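**Student:** Before I ask anything, here is the structure I am working with.
Please treat every number below as a calculation from the coordinates, not as lab data. What you see is a predicted model, and the numbers here were worked out from it, not measured in a lab. Heads up, the Cβs are rebuilt from the backbone with ideal geometry, glycines too, and the neighbour counts pull from every protein chain shown.
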Amino acid sequence: MEGSVRVRFAPSPTGFLHIGGLRTALYNYLFAKSHKDGKFILRIEDTDQSRYVEGAEQDIIDSLNWCGMDIDEGPDEGGDFGPYRQSERQEIYNKYAKQLIDEDKAYYAFDTTDEIDQMRERLKKSGNPSPKYDAVTRQSMKNSLTLPQDEVEKKLEAGDEYVVRLKVPRRETIRFEDLIRGHVSFESKGLDDQVLLKSDGMPTYHLANVVDDHLMEISHVIRGEEWLSSTPKHILLYQAFGWEPPQMAHLPLIMSPSGGKLSKRKAEEEGIPVNTKEYIKQHYEPEALVNFLAYLGWSPGDDSEIHSLNELCQLFTLDRVSKGGAVFNHKKLLWYNEHYLREQTNKAIAERLRPIAKTKGVEFPDDEYLQKAISLLKDRVSKIDELLEMGSFFFEDPEEYDEKALKKWKSDSSDLVSQYREKISELEDDEFKAATLKSHLEDVINANDVGFGKLMMPLRIAVTGQGFGPDLFTSMQLLGKETVLERIDTALEKLG
RNA sequence: GCCGCGUUCGUCUAGGGGUUUAGGACGCCGCCCUUUCACGGCGGUAACACGGGUUCAAAUCCCGUACGCGGUACCA
């Protein structure tokens, strides 16, 4: 423990890894790696059997890997503090729960949920706005504090359902120092006697979390703000066990542009992918997501914006994390994505593009051609898969002509395009170069005394099917004489 | 309702008593480059929630209010 940094990312496998969860993981990772020998631990908190989702754990691991976060200890990696799946640690929690009971810091409670509801109803009617199972009410409930000991034993032996609850003190101020928020304090009277062990024998989050963080020698708990109000319960547990609590740091939440926590529904309404898996599927650059997420609630304090994961590890400090919620800005993510895409070599992009093209049924030409096409296209797209749409004409003949672009096809267009076709059809293959193609176009417009666009736009439509795109002459050179002439002929036929 | 945490341009943020005519980035707008669309370059737009204190001086410290968010489970 002596000063070494050990942090954990502790998601529950109840679904695919949420983008907010990914950021929590990232901040944990950055914090760990900003320290010498800091360890980043993955712990799977699968204590709610009813919400368990098949494949969720693998999705979490895949997502972290995709971002480049290496897990030091976890279910797959192992480590000296395993198992790292809470469902496999049940005996440990039982043991510690029993210890608390033996020390009179926790107790068995046999009340059914109905009975608890009734108690709450009753208290509400008598003017208590927020009734709790607490130091006062537990005295009138069915538990090992109120029942005679032999009856408690009989119930336990008979296998009656029970939970174990923490004896939360009646009046106590619980204070702790949050590394992001500073001084935080709560009154114990606002707290329920927390359930530690559920009737199915599984621990609740609170017990499992505290026991594991202690046993795994976690030095810093870095988690979302939604946990801030649970922290006093945890502090109380640490006290009950006589353990030193780890340092706490509660991260601001990621918000939806329309306000509120970025939920699945809200995000989808606003076109924001919510699961990391979606970003992978949609071919976002992992470096972009990482960079973007790091800056969502944190900044290094200078004017820099672009940093790799490794650089972020050097720069990250918890005291520079902001306190207020941060709205997810999809356009900024795309800006980052463009940046990281353009940073890559054409060769690297080509290699990645081939398998993507395959899934979309696009046939690709040889590498040299592909890389040239990419160099013409990559400044014009936000994501790698958009290269396919943007540059579709490099890979197949245009099937139809863009409607908006077609407005530029005027009555004199076919005549001009035909004249141009005549001129370039006489070129040898090795003369079919951008500069030559351009000068021939100039010849035609001069001969007809019209503007450049009068011919260039129709020609662009004929050759690419689009009204925009990379330099037309370079594009034609790459496409080659045969293809260009064919496409012009098709266009003249179709558009008259 | 109660408890807690927040609040600087539309968004992410810098700034933590005088250095500030409040800086950067995304977005948006304009210009240049380009006889396409982008990229790039240059410029512009735009913020200290409100009210009281403290102080010679407050975006910065304190107290209220408002608003937002989170929590209030045998979910994490």
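**Student:** Convex hull volume of the Cα atoms in region A:200-239, per residue, in Å³? It would help to have the intermediate numbers written out before the result.
**Tutor:** Values: hull volume 3.4 nm³, N = 40.
Each residue corresponds to 84 Å³ of Cα convex hull volume.
**Student:** Let me ask you something else. Taking the beta-carbon count within 10 Å as an exposure proxy, list A:87, A:126 from fewest neighbours to most.
**Tutor:** Numbers: A:87 17, A:126 8.
Ordered by Cβ neighbours within 10 Å, fewest first: A:126, A:87.
**Student:** Separate question: To the nearest 20 debye, what charge dipole does region A:117-256 have about its Cα centre, counting +1 at the Cβ of each Lys and Arg and -1 at the Cβ of each Asp and Glu? Could you put the intermediate results ahead of the total?
**Tutor:** Working: 19 positive and 22 negative charges, 147 e Å.
Value, rounded to 20: 700 debye.
**Student:** Further question on the same structure: What ratio of Cα Rg to 2.2 N^0.38 Å holds for chain A? Show your work: numbers first, answer last.
**Tutor:** Working: Rg = 32.2 Å, N = 496, 2.2 N^0.38 = 23.3 Å.
So chain A has a normalised radius of gyration of 1.39.
**Student:** Can you report the principal axis dimensions of region A:181-249 using only the alpha carbons, biggest first, rounded to whole angstrom?
**Tutor:** Largest to smallest, the principal-axis extents are 37, 30, 24 Å.
**Student:** Quick one: if you stick a label point 7 Å off each Cα along the C-beta vector at residue A:200 and residue A:226, how many nm between them?
**Tutor:** 1.9
**Student:** Based only on the alpha carbon positions, what is the Kirkwood hydrodynamic radius of region A:172-314, in angstrom? Walk me through the intermediate numbers first.
**Tutor:** Values: mean 1/r = 0.0554 Å⁻¹.
That comes to 18.0 Å for region A:172-314.
**Student:** Quick one: which residues, 5+ away or cross-chain, put their amide H under 5 Å from the amide H of residue A:178? H built at 1.01 Å from N.
**Tutor:** Those lying under 5 Å, H to H, from residue A:178 are A:183, A:184.
**Student:** Arranged from highest to lowest average of other beta-carbon atoms within 10 Å per residue, in what order do the peptides A:142-150, A:22-30, A:39-47, A:165-173 appear?
**Tutor:** Working: A:142-150: 15.2, A:22-30: 24.8, A:39-47: 22.8, A:165-173: 17.2.
Output ranking for A:142-150, A:22-30, A:39-47, A:165-173: A:22-30, A:39-47, A:165-173, A:142-150.
**Student:** I would also like to ask the following. Sort out for me the Cα centre separation of region A:271-330 from region A:144-168, rounded to whole Å.
**Tutor:** Region A:271-330 and region A:144-168 have Cα centres separated by 49 Å.
**Student:** Just want to confirm a number: the relative contact order over chain A, from Cα pairs under 8 angstrom separated by 6+ residues, in percent.
**Tutor:** On the way: 702 pairs, mean separation 61.9, N = 496.
Normalised by residue count, the contact order of chain A is 12 percent.
**Student:** Could you work out [θ]222 nm for chain A from helices alone, using -39500 (n - 2.57) per DSSP H run of at least four and dividing by all its residues? Round to the nearest 500 deg cm²/dmol.
**Tutor:** Numbers: 22 runs with 227 residues, N = 496.
Calculated from helices alone, the mean residue ellipticity at 222 nm is -13500 deg cm²/dmol.
**Student:** So, one more: Using the count of nearby Cβ atoms within 10 Å as a rough guide to exposure, how do A:487, A:380 rank from fewest to most?
**Tutor:** Details: A:487 21, A:380 14.
Taking fewest neighbouring Cβ atoms as first place, the list is A:380, A:487.
**Student:** Can you give the extra length, in nm with one decimal, that the chain gains between residue A:217 and residue A:258 once fully stretched, where that is 0.36 nm per residue apart less the Cα-Cα distance? Please list the in-between numbers first.
**Tutor:** Values: separation 41, 0.36 × 41 = 14.76 nm, distance 3.97 nm.
Difference between extended and current length: 10.8 nm.
**Student:** Please work out how much length the chain gains when fully extended from residue A:36 to residue A:327, using 0.36 nm per residue of separation minus the C-alpha to C-alpha distance, in nm with one decimal.
**Tutor:** Numbers: separation 291, 0.36 × 291 = 104.76 nm, distance 3.22 nm.
Contour length minus the Cα-Cα distance gives 101.5 nm.
**Student:** Shape verdict for region A:98-184, please, from the Cα gyration tensor: rounded (a/c under 1.5), prolate (a/b greater than b/c) or oblate.
**Tutor:** On the way: a/c = 2.54, a/b = 1.37, b/c = 1.86.
The shape class here is oblate.
**Student:** Can I ask one more? Quick one: if you stick a label point 7 Å off each Cα along the C-beta vector at residue A:139 and residue A:434, how many nm between them?
**Tutor:** With each label placed 7 Å out from Cα toward Cβ, I get 8.8 nm.
**Student:** Would you list the P(r) distribution for region A:375-496, with all Cα-Cα distances sorted into 5 Å bins from 0 and each bin expressed as a whole %?
**Tutor:** Reading the bins upward from 0: 2, 11, 23, 24, 21, 11, 5, 1, 0.
**Student:** Which of the three applies to region A:1-127, rounded, prolate or oblate, going by the alpha-carbon gyration tensor with a ≥ b ≥ c and a/c under 1.5 meaning rounded? Please list the in-between numbers first.
**Tutor:** Values: a/c = 2.26, a/b = 1.74, b/c = 1.29.
Prolate, since a/c reaches 1.5 and a/b exceeds b/c.
**Student:** Turning to a different aspect of this structure: Under unit Cβ charges (Lys, Arg +1; Asp, Glu -1), what dipole magnitude, rounded to 20 debye, does chain A have relative to its Cα centre?
**Tutor:** Working: 65 positive and 89 negative charges, 430 e Å.
Roughly 2060 debye, rounded to the nearest 20.
**Student:** Rounded if a/c is under 1.5, else prolate if a/b beats b/c, else oblate: with a ≥ b ≥ c from the C-alpha gyration tensor eigenvalues square-rooted, which is region A:132-237? It would help to have the intermediate numbers written out before the result.
**Tutor:** Working: a/c = 3.10, a/b = 1.68, b/c = 1.85.
Here region A:132-237 falls in the oblate category.
**Student:** To make sure I understand, if each residue's beta carbon is the centre and we count other beta carbons within 10 Å, what order do A:231, A:14, A:464 fall in, fewest to most? Spell out each step's value before the answer.
**Tutor:** Numbers: A:231 19, A:14 14, A:464 25.
Final ranking by Cβ density, sparse to dense: A:14, A:231, A:464.
**Student:** A follow-up question, please. Pick out, from A:158, A:148, A:137, the residue whose Cα sits farthest towards the positive end of the charge dipole of region A:118-179, with +1 on the Cβ of Lys and Arg and -1 on the Cβ of Asp and Glu.
**Tutor:** Checking the options against the dipole of region A:118-179, the answer is A:137.
**Student:** Based on the Cβ-Cβ distance of residue A:183 and residue A:114, what FRET efficiency does E = 1/(1 + (r/R0)^6) give at R0 = 51 Å, to the nearest 0.05?
**Tutor:** Values: r = 41 Å, r/R0 = 0.80.
It comes to 0.80.
**Student:** Now, a different point. Would you work out which of A:459, A:196, A:411 lies farthest towards the positive end of the dipole of chain A, given +1 charges on the beta-carbon of Lys and Arg and -1 on that of Asp and Glu, about the Cα centre?
**Tutor:** Farthest towards the positive end: A:196.
**Student:** In Å, what Rg and Dmax follow from the Cα atoms of region A:231-377?
**Tutor:** So, for region A:231-377, Rg and Dmax equal 20.5, 69 Å respectively.
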